[in-house]
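Let me begin by presenting the structure, written as structure tokens, before commenting on it.
Computed from the coordinates by the stated procedures, all read-outs in this text should not be read as laboratory data. Just so it is clear, the structure is predicted and the values come from calculations on it, not from any experiment. Here Cβ is always computed from backbone atoms with ideal geometry, including for glycine, and neighbour counts include all displayed protein chains.
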Amino acid sequence: MKLKVIGVLLILISIIVISCQSDDELEFKRYYTNGKVVYQKKCENCHGKNGEGLSNLIPPLTDSAYLKNNKNQLACFVINGMKSKLIVVAHKSFVGDMPPTEIAPIEVAEVLTYLNNSFGNKLGITNVEHVNADLQHCK
Amino acid sequence: MRKLATLIGIVLLYTACNTNDNKTTLPIYGNKDTVTKVIDGKAIVDTIYQTLPAFKFVNQYGDSITNKSLKGDIYVADFFFTTCPSICPIMHRNMLTIYEEFKNVPDFKIISHTIDPKHDSVTVLKAYADKLGIKGNSWWLLQGKKEETYQLGEKNYLVAVKQDDGTPGGFVHQGWFVLVDKQQRIRGYYDGTVAKEVEKLVADIKTLRAETNTEIAQ
């Protein structure tokens, strides 16, 4: 009898734990999966299948420190592109133009979640609220 | 019994010939013409293959480059522009692997024609080459009159592609790599945006080099 009660309790607890986790995890997975599609359509030609970039022409997306330090600017980079801006990524300087991309804030959030958690990066989710807030402060 | 053995022998010989053919020759694209020559009193039919016409461009060092500069070279040609945001980076990422593979081969070159000569001046091309990490004379970035580049691209290099496809124009934008032999005949077309096709191109360059070396030996 006692065993049964403990068993049921254990099952209940694990269900609660799993469902709590999966709320966050589900959201992350949804962002990540959709972000991969956006990446393939809008970013991959230049930045490469593995975020490797191209020599000193196109910066790689593998520099976690750069991504972390510029976390609040990334959405602006995606939407507005870059014009003759000097950036240092992975110990290399890049001065080039990145074209602006016409996509919705939710797609920006998805693609940032994808690239921030691919190519060796592990920076967690960038949600759409975060992107909307950042887009108010583009330099 | 003896008949059967002969038959098997013939079949074996036939298949042996076939596999040899497949291994060592690449097709020759373009229009063909035949001429009949009389040598030692016998009429001999000779096939004349289409070759690329004379051209004149400037490379990233400001040197003038003509078809004579490529004499005796196997080369790969493509079309691009430095500010191209779509397929050019992927093409040149792939072309870079070809460059790395063959950059020390003296009779091999890569030529990339810009289709935006107004923006892609010699200075811009040199800066692009430096950033791409290419040195020396095994990969030339060529600039010239826009009409001449398009003419060369659509009327000459991509002529076979045009025949296959049937629709006019736009081919210089489609990311083709064209393989040209030492006689300036087109020997292959490859989609420069597809890694598998680029692997095939590398193999075909090796085949073509082996073929020309045998020809010279003979």
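I need a count of the residues in the range A:6-52 that are of a type in the set (Val, Ile, Thr) and within 14 Å of another protein chain (Cβ to nearest Cβ).
Pass one, the range A:6-52, residues of a type in the set (Val, Ile, Thr): A:6, A:8, A:11, A:13, A:15-18, A:33, A:37-38.
Still in the running and within 14 Å of another protein chain (Cβ to nearest Cβ): none.
Counting residues in the range A:6-52 that are of a type in the set (Val, Ile, Thr) and within 14 Å of another protein chain (Cβ to nearest Cβ) gives 0.
So the check is Cβ under 7 Å with 6+ separation or different chains; which pairs have a first residue in the range B:41-61 that's surrounded by 15 or more Cβ atoms within 10 Å (Cβ to Cβ) and a second one that's among the aliphatic types (A, V, I, L, M) and outside any strand (DSSP E or B)?
Taking only residues 6 or more apart or on different chains, the pairs are B:49/B:28; B:55/B:152; B:58/B:122; B:60/B:122; B:60/B:125; B:60/B:129.
Across the range B:105-115, what is the total count of residues that are within 19 Å of residue B:207 (Cβ to Cβ) and more than 14 Å from the chain's Cα centre (by Cα)? Break it down stepwise before answering.
Start the filter on the range B:105-115 by keeping residues that are within 19 Å of residue B:207 (Cβ to Cβ), which leaves B:105-110.
The next check asks that each one be more than 14 Å from the chain's Cα centre (by Cα); those that pass are B:105-106.
Going through the range B:105-115 one residue at a time, the tally reaches 2.
Counting only residues that are among the small types (Gly, Ala, Ser) and surrounded by fewer than 16 Cβ atoms within 10 Å (Cβ to Cβ), which one in the range A:75-94 is farthest from the chain's Cα centre (by Cα)?
Filtering the range A:75-94 for residues among the small types (Gly, Ala, Ser) gives A:75, A:81, A:84, A:90, A:93.
Applying the additional criterion that residues be surrounded by fewer than 16 Cβ atoms within 10 Å (Cβ to Cβ) yields A:81, A:84, A:90, A:93.
Details: A:81: 17, A:84: 24, A:90: 18, A:93: 23 Å.
Filtering the range A:75-94 for residues that are among the small types (Gly, Ala, Ser) and surrounded by fewer than 16 Cβ atoms within 10 Å (Cβ to Cβ), the one farthest from the chain's Cα centre (by Cα) comes out as A:84.
Applying the selection to the range B:91-147, what residues are within 12 Å of another protein chain (Cβ to nearest Cβ) and small (Gly, Ala, Ser)?
B:127, B:129, B:133
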